[in-house]
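S.K.: Let me begin by handing over the structure; questions about it come next.
The values are calculated or read from the model by the stated rules, or taken from the named source; none is laboratory data. Note that the structure is a prediction, hence the values are computed from the model and not measured. With ideal geometry, Cβ positions are generated from the backbone for all residues, glycine too; neighbour counts draw on all protein chains shown. In case anyone asks, the SASA skips ligands and DNA or RNA and just uses the protein heavy atoms, side chains included. Shrake-Rupley method; radii C 1.70, N 1.55, O 1.52, S 1.80 Å.
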Amino acid sequence: MSEDRRVAIVTGASRGIGRSIAKQLATDGFLVVAVARNADALNELVSEVQSAGGHAEGRPCDLMDDAAVDGLIEGVVEGHGRLDVLVNNAGVTRDGLVLRMSDDDFDTVIATNLRAVFRLCRAVARPMMRQRWGRIINIGSVVGMMGNPGQANYAAAKAGLIGMTRSIGKELGGKGITANVVAPGWIDTDMTAALPEAMLKEATARLPLRRLGQSQDIADGVSFLASDRASYITGHVLTIDGGMLS
Ligand code: NAP
């Protein structure tokens with residue numbers, strides 16, 4: 001069906017950063033498979049992409065459901081005969097200080113932000129190896145590199161993502177597959193809207209670029225890493241953070 005058009009899966013495409021990544025990759029010419037739980041939001045995204053002349057389809061899926069995730073990848077490979085790019089963007093927070101953090105809040109964040117990413121990377125490895133071309137792009141966070149009070153679970157998952165991505169890059173590099181992390185700083189989405197306004201104001205005032213990032217800033221980095229222009233970049237962590245870590 002799409003045999004001459006590269007296929008890109010983007011998780012967490014229903015809103016925020018993932019939505020911008022999905023739209024950018026469609027603009028870049030990929031057939032975008034948009035994944036999230038909210039089917040209505042995915043339909044809306046697909047209509048927008050199609051009205052702009054792009055190609056996209058929505059595949060509602062809860063990444064906590066192992067069978068659904070396996071079926072998702074099998075369905076994409078069977079339906080399109082190829083799978084070129086995987087962007088693991090879906091993520092959740094369950095913030096709380098370590099002293100009060102419940103097992104459930106720790107486990108949910110690790111399951112969504114790390115375990116599901118591992119399962120998706122494993123599932124795409126074989127079809128990408130067959131093609132001898134692939135791009136795995138995992139959305140991390142500067143929090144995984146610097147830690148953040150109240151986010152021990154999230155920081156653990158995002159730090160783990162870096163080691164996992166570099167390992168995958170080393171395993172699959174010989175097959176023409178790159179694996180990289182994009183690590184955003186503070187980006188203006190629902191995730192940051194949930195934070196206290198005063199805290200965000202203070203955090204952005206300390207940034208060299210003095211503002212929150214936009215989802216498009218992240219989409220631009222992903223667009224580059226997904227392209228042929230990035231064919232010699234693997235195991236890299238691209239921070240897009242207004243200079244926070246500089
Ligand atoms: P967001 O607005 O909260 O969106 C999160 C996305 O993940 C939604 O599309 C959501 O879709 C999806 N998702 C969550 N749980 C899911 C599940 N179990 N199954 C399928 N989809 C699921 O977040 P965002 O700010 O755009 O963040 C996107 C990524 O960037 C995350 O990995 C986040 O950790 C990272 N990041 C964000 C910031 C920031 O400042 N915003 C900074 C650093 C890193 P549904 O609810 O429809 O399922």
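S.K.: Among M146, H80, A39, whose Cα lies farthest out toward the positive end of the dipole of the chain, if unit charges sit on the beta carbon of Lys, Arg (+1) and Asp, Glu (-1)?
M.R.: M146
S.K.: Can you tell me the orientation of helix 39-51 relative to the chain, as the angle in degrees between its alpha-carbon axis and the longest Cα principal axis, to the nearest 10?
M.R.: Computed tilt is about 60 degrees.
S.K.: I'd like the antiparallel share, as a percent to the nearest 5, of DSSP beta bridges with both residues in the stretch 107-246. Display every interim value, and only then the final one.
M.R.: Numbers: 0 of 11 bridges.
For the stretch 107-246, the DSSP antiparallel bridge percentage is about 0.
S.K.: Once the dipole of the stretch 87-246 is set up with Lys and Arg at +1 and Asp and Glu at -1 on Cβ about the Cα centre, which of P208, V181, G134 lies farthest towards its positive end?
M.R.: Final value for the positive-end residue is G134.
S.K.: Taking the Cα centre of the stretch 6-108 as the origin, how large is its charge dipole in debye, to the nearest 20, when only Lys and Arg (+1) and Asp and Glu (-1) carry charge on their Cβ atoms? Intermediate values should be presented prior to the final figure.
M.R.: Numbers: 9 positive and 17 negative charges, 100 e Å.
So the magnitude is around 480 debye.
S.K.: Report the label-to-label distance for E197 and A39 in nanometres (one decimal), using points 7 Å from each Cα along the Cα→Cβ vector.
M.R.: Those two pseudo-labels are separated by 3.7 nm.
S.K.: Please give the FRET efficiency for M146 paired with Q214, using the beta carbon to beta carbon distance and R0 = 30 Å, rounded to the nearest 0.05.
M.R.: Working: r = 21 Å, r/R0 = 0.71.
The computed FRET efficiency comes out at 0.90.
S.K.: Identify which of G174, G147, G18 has the largest mean-square fluctuation in a Gaussian network model of the chain, with springs joining Cα atoms closer than 10 Å.
M.R.: Highest fluctuation of the listed residues: G174.
S.K.: Taking 0.36 nm per intervening residue step and subtracting the Cα-Cα distance, what contour gain separates E171 from D103 on full extension? Don't skip to the answer; put the middle values down first.
M.R.: On the way: separation 68, 0.36 × 68 = 24.48 nm, distance 3.22 nm.
Contour length minus the Cα-Cα distance gives 21.3 nm.
S.K.: Oh, and also: Whole-Hz ³J(HN,Hα) for each residue in the stretch 211-218, computed from phi via Karplus 6.51 cos²θ - 1.76 cosθ + 1.60 with θ = phi - 60°, x for glycine and proline: what do you get?
M.R.: In residue order, the calculated couplings are 7, 5, x, 10, 3, 5, 4, 6 Hz.
S.K.: Rounded to the nearest 10 degrees, what's the angle between the helix 152-172 long axis and the longest principal axis of the chain, both from Cα atoms, 0 to 90?
M.R.: 30
S.K.: Here's a follow-up. Helix-only estimate, please: 222 nm mean residue ellipticity of the chain, summing -39500 (n - 2.57) across DSSP H runs of length 4 or more and dividing by its residues, to the nearest 500. Kindly include the intermediate steps, with their values, before the conclusion.
M.R.: Working: 10 runs with 113 residues, N = 246.
Per the formula, -14000 deg cm²/dmol.
S.K.: May I pose another question? With a bin width of 5 angstrom, please list the P(r) values of the chain as percents of all Cα-Cα pairs, from the 0 bin to the one holding the largest distance.
M.R.: 1, 7, 14, 19, 21, 17, 11, 6, 3, 1, 0
S.K.: Compute the angle between helix 16-27 and the longest alpha-carbon principal axis of the chain, please, reported from 0 to 90 degrees and rounded to the nearest 10.
M.R.: Compared with the principal axis, the helix lies near 30 degrees.
S.K.: How would you order 48-59, 125-136 from highest to lowest mean count of nearby Cβ atoms within 10 Å? List each step's numbers first, then the result.
M.R.: Values: 48-59: 16.6, 125-136: 18.3.
Top of the packing list down: 125-136, 48-59.
S.K.: Residues in the stretch 78-95, backbone N under 18 Å from the label point at D65 (7 Å along the Cα-to-beta-carbon vector): list them, ranges by number please.
M.R.: Counting only backbone N, you get 90-91.
S.K.: Given H placed 1.01 Å from N in the peptide plane, which residues other than close sequence neighbours of R6 have an amide H under 5 Å from its amide H?
M.R.: L31
S.K.: Using the heavy atoms of the protein chains alone and a 1.4 angstrom probe, what is the accessible area of the chain per residue in square angstrom?
M.R.: Values: 11630 Å² over 246 residues.
Accessible surface, normalised per residue, equals 47 Å².
S.K.: Something else: Once the Cα gyration tensor of the stretch 1-85 is diagonalised, what are the square roots of 5 times its eigenvalues, in whole Å and ordered largest first, as equivalent ellipsoid semi-axes? Numbers along the way, then the final one.
M.R.: Values: eigenvalues 65, 54, 19 Å².
Semi-axes (√(5λ), whole Å): 18, 16, 10.
S.K.: Starting from the amide H of G235, placed 1.01 Å from N in the peptide plane, find each other amide H under 5 Å away whose residue is 5 or more places distant or on another chain.
M.R.: Answer set, sorted by chain and number: A179, N180.
S.K.: Determine the shape class of the stretch 109-246: with a ≥ b ≥ c the square roots of the Cα gyration tensor eigenvalues, call it rounded for a/c under 1.5, and otherwise prolate if a/b is greater than b/c, oblate otherwise. Don't skip to the answer; put the middle values down first.
M.R.: On the way: a/c = 2.48, a/b = 1.73, b/c = 1.43.
Verdict is prolate for the stretch 109-246.
S.K.: So, with +1 on the Cβ of K and R and -1 on the Cβ of D and E, and no other charges, what is the size of the charge dipole of the chain about its Cα centre, to the nearest 20 debye? Mind dumping the intermediate values first?
M.R.: Numbers: 26 positive and 28 negative charges, 167 e Å.
That gives a dipole near 800 debye.
S.K.: Still on this structure: Among G140, G173, G71, determine the one that fluctuates most according to a GNM of the chain built with springs between C-alpha atoms less than 10 Å apart.
M.R.: Its mean-square fluctuation being the largest, the pick is G71.
S.K.: So, one more: Can you give me the long-range amide H partners of A56? Hydrogens built in the peptide plane at 1.01 Å from N, cutoff under 5 Å, separation of 5 or more residues or another chain.
M.R.: Residues meeting the criterion, in which the H sits 1.01 Å from N, are V32.
S.K.: Starting from 0.36 nm per residue, how many nanometres of slack lie between H55 and D95 once their C-alpha separation is accounted for? Present the calculation step by step, with values, prior to reporting the outcome.
M.R.: On the way: separation 40, 0.36 × 40 = 14.40 nm, distance 3.64 nm.
The span from H55 to D95 would gain 10.8 nm if fully extended.
S.K.: OK, next. Shape verdict for the stretch 112-164, please, from the Cα gyration tensor: rounded (a/c under 1.5), prolate (a/b greater than b/c) or oblate.
M.R.: Numbers: a/c = 4.38, a/b = 2.61, b/c = 1.67.
The shape class here is prolate.
S.K.: Same structure again: Would you work out the relative contact order for the chain, in percent, from Cα pairs under 8 angstrom that are 6 or more residues apart?
M.R.: Value for the chain: 19 percent.
S.K.: Is the C-alpha gyration tensor of the stretch 182-246 telling us rounded, prolate or oblate? Criteria: a/c under 1.5 is rounded; beyond that, a/b larger than b/c is prolate, otherwise oblate. It would help to have the intermediate numbers written out before the result.
M.R.: Numbers: a/c = 3.03, a/b = 2.09, b/c = 1.45.
It is prolate, given that a/c is not under 1.5 and a/b is the larger ratio.
S.K.: Once the Cβ-Cβ distance between A205 and L245 is put in as r, and R0 is 22 Å, what FRET efficiency do you end up with, to the nearest 0.05? Numbers along the way, then the final one.
M.R.: Details: r = 17 Å, r/R0 = 0.75.
Efficiency, rounded to the nearest 0.05: 0.85.
S.K.: What fraction of the Cα pairs in the stretch 38-184, stated in percent, has a spacing above 28 angstrom?
M.R.: Details: 2696 of 10731 pairs.
I get 25 percent for the Cα pairs in the stretch 38-184 exceeding 28 Å.
S.K.: Using a probe of 1.4 angstrom, how much of the accessible area of the chain is carbon and sulfur, in percent? Walk me through the numbers on the way to the answer.
M.R.: On the way: 5900 of 11630 Å².
On the chain, the fraction of accessible area on carbon and sulfur atoms equals 51 percent.
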